[in-house]
Structures are given as C-alpha cells and as structure tokens.
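The values are calculated or read from the model by the stated rules, or taken from the named source; none is laboratory data. Predicted model only: the values in this text are computed from it and were never measured. Cβ placement follows ideal geometry from the backbone for every residue including glycine, while neighbour counts extend to all protein chains displayed. Heavy atoms of the whole protein, side chains included, go into the accessibility calculation; ligands, DNA and RNA do not. Shrake-Rupley method; radii C 1.70, N 1.55, O 1.52, S 1.80 Å.
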Amino acid sequence: MPGPRPAAGIVRVAVDLGPRSYEVLIGRGLLAATGQEIARLMPNVRAAVVTDTTVAALHLAALAQSLAAAGIDHVVEAVPPGEGSKSLATLATVVDALLAARLERGDVVIAFGGGVVGDLAGFAAAVARRGMRVVQVPTTLLAAVDAAIGGKTGINTERGKNLVGAFHQPSLVIADSGVLDTLPRRTFAAGYAEVVKYGLIGNADFFAWLEANWRGVFGGGSERETAIAEAARAKARVVSEDEREEKGTRALLNLGHTFGHALEAATDFSDRLHHGEAVAIGMALAFAFSAGRGLCAPADAARVVAHLTAVGLPTRIADIPGPPPTLTRLMAAIAQDKKVARGALTFILARGIGRAFVARDVPPDEVAAFLEARLSE
Ligand SMILES: NC(=O)c1ccc[n+]([C@@H]2O[C@H](COP(=O)([O-])OP(=O)(O)OC[C@H]3O[C@@H](n4cnc5c(N)ncnc54)[C@H](O)[C@@H]3O)[C@@H](O)[C@H]2O)c1
Ligand SMILES: [Zn+2]
C-alpha cells in the first residue's frame, strides 16, 4: 500500500558491517515514510516506540500515522526528557513496557528522540528477550549525525556516564531533517559542533563547504540534508573500520572531546554547558594547542574559531557562563578521562584543517601551562 512520500529525495548512506550492515536514510519529511520503510525491511513486525515526552508532543502523531498506514501495530513508551532518563530505573520501565506489550524477539523497538532516547531504547532492545531489533529515528542533529549511527548504546550510573551498555547495531536509521525544525537553536548549534568535527578531522573541503553554507543548514534548506549525509558518511566509515573500538580508528572522533569532557565535568554536566558546546570549545583548544606546538598554522586555528563563533558556538573557556572552572579540576578530569601512558597524555591534535591525528606523547605539564594561559584570557 503506497503511503505518502517525502517531498524531497532520500539520501541513503550505507554502514558496511557484514551481516550487521544497515542504511541511514536522510530526507525532509521522511517520518511519513517510516512505516513503509520498516514494513519493507520487516514484514508483519510489531513495534514499540520509545520516545521522550517533548518529542512525543511535537512529532509522535506523524510517526504513529505512518506506522498505522503501513499496518504496523505499535505501543508507545514516553520517558521524561533529559539525561536523567539514561538510568537503570528508566531502563527497567522501558524493558517492562516491551514485555508487557508481549513483543517478541522478532519485533522491533523504534527509538524516537535525541541521543538520550537512542542510547536508552537501543540498550533496552539489546537486552530485552536477549536482543530485539532497533530502528533509530533521531530527532536531534546530534543524534542524526552521531548517536544514532554506530551501535553504541547504554545508560549512566552514579559512578559515571555511559558505564553500562552494549554494542547493538540498529537495523535502520531514519533521519527526517524536517523534524529538526522544532529544536531550540541552542540544541541545534550544539549538534552542529559535531558536524564541524567531521570536517576538521579529515575533510577540509567539507569544512570549507560548511563555512559557505551553514546558514542553509541552520535555516532548513537542502544544505541541511547535504551536511547530515556527509557527517553520517564520515561516522559510517569510521564505524565500518572499527566497529567495537578495538583498533583505535574510532579515537579520531574524540577531537575536541578530551578538553570538552573536562569542561563538562568541571561544570558538573550542568545546563551551563551542553555537550556540543563543550566540544566546540574543545576543538578550538585542540587547534590552538596544535598551533602552539608548531604542528598547524595559526591561521587554521583562527579559522576554526571564526566559524564556530559565526554560528554562535562558544570557543573560549571564558565563554562559559558562571564561575570559571579551576585548573586543578580540569587537569584531574583530563587525567581521569585519558589513560596516562608513561607520564604522557593522548590527545587528538591537528596538522591543519582536515588533518587530525592521535598524539600519544603529550606531557601533562604542557597541557596545564596551556590551560592556565587560556583560563586567564
Ligand atoms: N551512542 C553514541 O554513539 C552517542 C554519541 C554521542 C552522544 N550520545 C549520547 O547522546 C546524548 C545527547 O543527545 P542529544 O543532544 O540528542 O540530547 P537529548 O536526547 O537529551 O535531546 C536534547 C533535548 O532536545 C529535545 N528534543 C529532541 N528532539 C527534539 C525536536 N525535534 N524538537 C524539539 N526538541 C527536541 C529533547 O527532549 C531534549 O530535551 C547523551 O546522553 C550522549 O551520551 C551517544
Ligand atoms: Zn560528542
């Protein structure tokens, strides 16, 4: 039964993982075709939509209509929005909902939300009935270009973030770029930092394209689908090469994240600094640090700052509202985040835009001196 088709074309990005391969579909209006796409891949399946209450209020009706049109019987479990839902207690609630709905092993969980819902629902699917299929339907930019692709799922505990989880690849990822229209600008910009990251790691042309086209990406023009597709391709390539983070290829994705995590920890993971904002400052710091070591041209570091600033992202520690983090806390977080091998730290540094590399020989004293100077800017 033909259902409504998205207005624009669909971009299909393949994630090559042998028997666990899947596609990422990107397009404006794709929510309307979600039921059909799932039914084609999984005939006669039943589904549980896991979402958060914010996403449900805005977009659940469209998804439910699409599932109904494709004849997919489904239940809905909506959890509270926010990182707090990545908990053992909420996991128990979600798993119980799957079992109460008498879903079987061949049925499917639809993770409909940002990275929080993707990680939580993905993990619930990994453990319920020893593994059900999951379709990721990301509704934030961050989830569309990062969290929904790659199979990392999990929850937080009192002892730290993402400490309990599983690798569980989705069967399909459906990213409707139009759903991102309702994101607060700050949340969209935070996700955009991860898009920029892919350019800075290994694709200078993509970074230059973003410099020229970011307004279209933010404004919801066709540039948005182009950017999501390029970022998804970059993530898919890395995941294909190093599915379970055993070879170290995936480490490059941590550009900006060592400094970024330290800033998030030092501000208590509060609303003062969203993850993507921390990554933006972290990338600016990684380039400044690289320039300071004579690895990359200062003009490249300046270009990174200029672009992030243009889109409204922070680039300096001083841009974080409230009292500045202390050097002691930042260094403690960095030491905890990174394995310290023979007194040296591992960082992702850059020889230029699009030329990131893993540096395993960074002396902690040098990092401390660098951060001390940045803290007094
Ligand atoms: N698994 C991975 O590989 C991976 C990678 C990166 C991040 N993550 C995880 O992702 C999480 C962060 O994801 P996030 O930034 O998407 O956060 P999120 O899921 O909390 O979403 C951010 C906010 O936006 C709201 N929202 C979602 N979609 C919306 C829409 N279309 N319109 C309006 N509001 C909407 C949500 O309700 C929430 O309040 C973290 O828990 C992080 O650990 C996982
Ligand atoms: Zn990140």
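Annotations for the structure displayed:
- Within the stretch 244-260, the set of residues being under 24 Å from R12 (Cβ atoms), within 12 Å of ligand 1 (Cβ to nearest atom) and not aliphatic (A, V, I, L, M) comprises just one member, R250.
- For the stretch 231-247, a residue qualifies if it is touching a residue at least 24 places away in the same chain (Cβ under 8 Å), away from ligand 2 (no atom under 14 Å from the Cβ) and open to solvent by less than 50 Å² (accessible area, probe 1.4 Å), and the qualifying residues are A232, A236, V239, S240, E243.
- Counted residues, the stretch 59-80 - those being under 21 Å from the mean Cα position of the chain (by Cα) and surrounded by fewer than 18 Cβ atoms within 10 Å (Cβ to Cβ): 1
- The stretch 170-214, residues that are open to solvent by 30 Å² or more (accessible area, probe 1.4 Å), touching a residue at least 40 places away in the same chain (Cβ under 8 Å) and within 15 Å of ligand 1 (Cβ to nearest atom): T182, L183, R185, R186, T187
- Checking each residue of the stretch 269-288 against the condition of being farther than 26 Å from N162 by Cβ and open to solvent by 20 Å² or more (accessible area, probe 1.4 Å) gives at least one match.
- When restricted to residues that are within 14 Å of ligand 2 (Cβ to nearest atom), touching a residue at least 40 places away in the same chain (Cβ under 8 Å) and assigned to a helix (DSSP H, G or I), the stretch 114-142 contains 4.
- Test result for A125, within 16 Å of ligand 1 (Cβ to nearest atom) and either at negative phi or not aliphatic (A, V, I, L, M) (or both): yes
- Hits in the stretch 252-263 - residues which are open to solvent by less than 30 Å² (accessible area, probe 1.4 Å) and in a helix (DSSP H, G or I): L253, H257, T258, F259, G260, A262, L263
- Flag if L327 is over 25 Å from the mean Cα position of the chain (by Cα), closer than 26 Å to N162 by Cα and at pLDDT 95 or above: yes
- Residue count for the stretch 318-377 satisfying the condition of being basic (K, R) and assigned to a strand (DSSP E or B): 1.
- Residue within the stretch 44-57 that is more than 18 Å from V94 (Cβ to Cβ) and either within 16 Å of ligand 2 (Cβ to nearest atom) or part of a helix (DSSP H, G or I) (or both) present: yes
- Criterion applied to I228, I149 was being open to solvent by less than 10 Å² (accessible area, probe 1.4 Å) and outside any helix (DSSP H, G or I), and the one residue passing it is I149.
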